[in-house]
1. Suppose only helical runs count, i.e. DSSP H with n ≥ 4. What mean residue ellipticity at 222 nm does that imply for the chain under -39500 (n - 2.57) per run, divided by all residues and rounded to the nearest 500 deg cm²/dmol?
2. Relative contact order of region 94-228: what whole-number percent is it, with Cα pairs under 8 angstrom and at least 6 residues apart?
3. At a Förster distance of 30 Å, what's the computed FRET efficiency of residue 180 paired with residue 278, Cβ-Cβ distance as r, to 0.05?
4. Please list, short to long, the whole-number percent of alpha-carbon pairs of region 57-193 in consecutive 10 angstrom bins beginning at zero.
5. Quick check for you: which residues of region 105-128 have the amide N under 16 Å from the point 7 Å beyond the Cα of residue 90 toward its beta carbon?
6. What order do you get for 203-214, 142-153 when each peptide is scored by the mean count of other beta carbon atoms within 10 Å, highest first?
7. P(r) for region 157-283, please, calculated from all Cα pair distances in 10 Å bins and given in %.
8. Would you work out the relative contact order for the chain, in percent, from Cα pairs under 8 angstrom that are 6 or more residues apart?
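No lab work stands behind these numbers, since they all come straight from the coordinates. All of these numbers come straight from a predicted model, not from anything done at the bench. FYI the Cβ positions are ideal-geometry reconstructions off the backbone, even for glycines, and counts take in every protein chain you see.
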Ligand SMILES: [Fe+2]
């Protein structure tokens, strides 16, 4: 079938000419996957996928992760993000599902709380609010390249502590005593080698709360500087969703964050997240 690839300014690419509901042949899939690794994030408009089609596409990339608090999902391999309950009524702001997603408003890569974090994320818009709910993306390879030699030296060989319990507290969404909000912290190298492209990337985010072996007063200025380099506005892509947009990104290269939205409006997103197969390799 073939497809067109249009780079987006400043990062990412839009893919045109695919109808994923009808499937994708192996040569196109290989090119799509390579495009995601190369561009970090790709946008496909007008892809009204059923949950089963969405999961089947995800399975071409690997094994989907299964999330917590996913009981309403139409498919166990699909994470349902919604602010409406099964009865159609708005979820209470105290609902554990809304508390859990609040953490996504900080810059992060998906599933860095795991020893082996996620590779690809396939994120589809079903119902979008009239304003808000955008997703912002930045490229962690460009972040690494934007650092001065001194800044690179401050990160190389270091280990970042990805601490979701602290991140939940920072984003105000914690539920004391609930084990989901008290995940143990995980160590990952701050400088990372992309296992497919061989690129060096900066593995930082707002979920990295400390640098192993450094006192907080030394670590925090370094983490702040690294994050600033990663999310420099001139290198950020902001995506405003239309219904049936499908975004696919490579978490080994990209950092992203969600924008909040007015909870009076419905928002329904379908997310399939692909489990990694190897530990993070230091760059
Ligand atoms: Fe995310």
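1. -7000 deg cm²/dmol
2. Details: 170 pairs, mean separation 41.8, N = 135.
Averaging sequence separation for qualifying contacts and normalising by length gives 31 percent for region 94-228.
3. On the way: r = 26 Å, r/R0 = 0.86.
Plugging the Cβ-Cβ distance into 1/(1 + (r/R0)^6) gives 0.70.
4. 9, 33, 37, 17, 4, 0
5. Once the point is set 7 Å along Cα→Cβ of residue 90, 128 turn out to lie under 16 Å by backbone N, inside region 105-128.
6. Working: 203-214: 21.2, 142-153: 15.3.
The peptides rank, most packed first, as 203-214, 142-153.
7. Percent of Cα pairs in each bin: 10, 33, 39, 16, 2.
8. Values: 584 pairs, mean separation 96.3, N = 283.
Reported as a whole number, the value is 34 percent.
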